[in-house]
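Comments concern the structure below.
The values are calculated or read from the model by the stated rules, or taken from the named source; none is laboratory data. The model shown is predicted, which means the values in this text are computed figures rather than measured ones. Glycine also receives a Cβ, built like all others from the backbone with ideal geometry; neighbour counts cover every protein chain displayed. For accessibility, only protein heavy atoms count, side chains too; no ligands or nucleic acids. Shrake-Rupley method; radii C 1.70, N 1.55, O 1.52, S 1.80 Å.
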Amino acid sequence: MVYGTRTSKVVEVPCSVSEVNKNRDDRPCAFYIDVSFPTPTKLNYIVFQNFFTEAIVIKHSGLQASNRREWSTVLPREDLMRSPHSESDAQDWHCFDVFKKFDRTFDCFRVSCLRIFLIQSSPHWLVHQIHSLQCYAAADCFSESRPQPVVPLVPVVADTAQQLLALAQVIKTQRQQYSDYDLFSRFLDRVPLEETLRKGDLVDVC
């Protein structure tokens, strides 16, 4: 029989990321990128580096981005910058846990296409987007291990039995000594000391 242990590791999920698009030519307009997967796949993490994007909104479609279909919002507005006018955290890395961040009704085991809307309300930055987007999934791994041979415990049991017998003998000897001492003490309590000395039972008292 073969035994094994089950562990989890994170593996990269193949995906294609589009260029930054906009829903219309004139402003104000919405900027977005599409993240497409070759086949419906499991998705657990999204990692990317921000580039002056204030916040994002993520929507999901069951079909490829080229097909017309309604998009469902799976992640409402998520801020990436503490202030849209400050560049202190404008290029930080972010890791989104899909199970924790996305809507509870989102099926992370069959992800087809994500549309990420890029929001920036500050007029200070001419360009805002996200870089180096990668997707990951948690994969279960099963590692086989052979059972270890059972080592007979007869020698160990024999040694333990001998030690117990020796210990029992020591306890028996000590109990006998204590018993003899107890009988002698009782004898001294019943017989007066003077009478004992006269009979010569005790040779040396000091």
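Against the test of being more than 23 Å from Cys29 (Cα to Cα), modelled with pLDDT of 90 or more, more than 28 Å from the chain's Cα centre (by Cα) and of a type in the set (D, E, K, R), the options Asp89, Asp103 yield a single qualifying residue, Asp89.
Of all residues in the range 18-65, those that are closer than 17 Å to Leu118 by Cα, open to solvent by 70 Å² or more (accessible area, probe 1.4 Å) and either at pLDDT 90 or above or under 29 Å from the mean Cα position of the chain (by Cα) (or both) total 1. Taken over the range 66-79, the criterion of being surrounded by fewer than 19 Cβ atoms within 10 Å (Cβ to Cβ) and either modelled with pLDDT under 90 or hydrophobic (A, V, I, L, M, F, W, C) (or both) is satisfied by Ser66, Asn67, Arg68, Arg69, Glu70, Trp71. Ala90 satisfies every condition listed in (1) more than 24 Å from Leu43 (Cβ to Cβ); (2) surrounded by fewer than 13 Cβ atoms within 10 Å (Cβ to Cβ) except (2). Considering each residue of the range 70-78 in turn, none proves to be of a type in the set (S, T, N, Q), out of contact with any strand residue (DSSP E or B) (no Cβ under 8 Å at 6 or more places or on another chain) and farther than 19 Å from Cys15 by Cβ.
From the list Val111, Val98, the lone residue that is in contact (Cβ under 8 Å) with a residue 24 or more places away in the chain, over 18 Å from Ser18 (Cβ atoms) and among the β-branched types (Val, Ile, Thr) is Val98. Within the range 43-54, is even one residue in contact with a Lys or Arg (Cβ under 8 Å, 6 or more places away or on another chain) and not basic (Lys, Arg)? Checked against the condition, which is being in contact with a Lys or Arg (Cβ under 8 Å, 6 or more places away or on another chain) and not basic (Lys, Arg), the range 43-54 yields no hits at all. In this structure, Pro84 does not qualify as part of a strand (DSSP E or B) and surrounded by 13 or more Cβ atoms within 10 Å (Cβ to Cβ).
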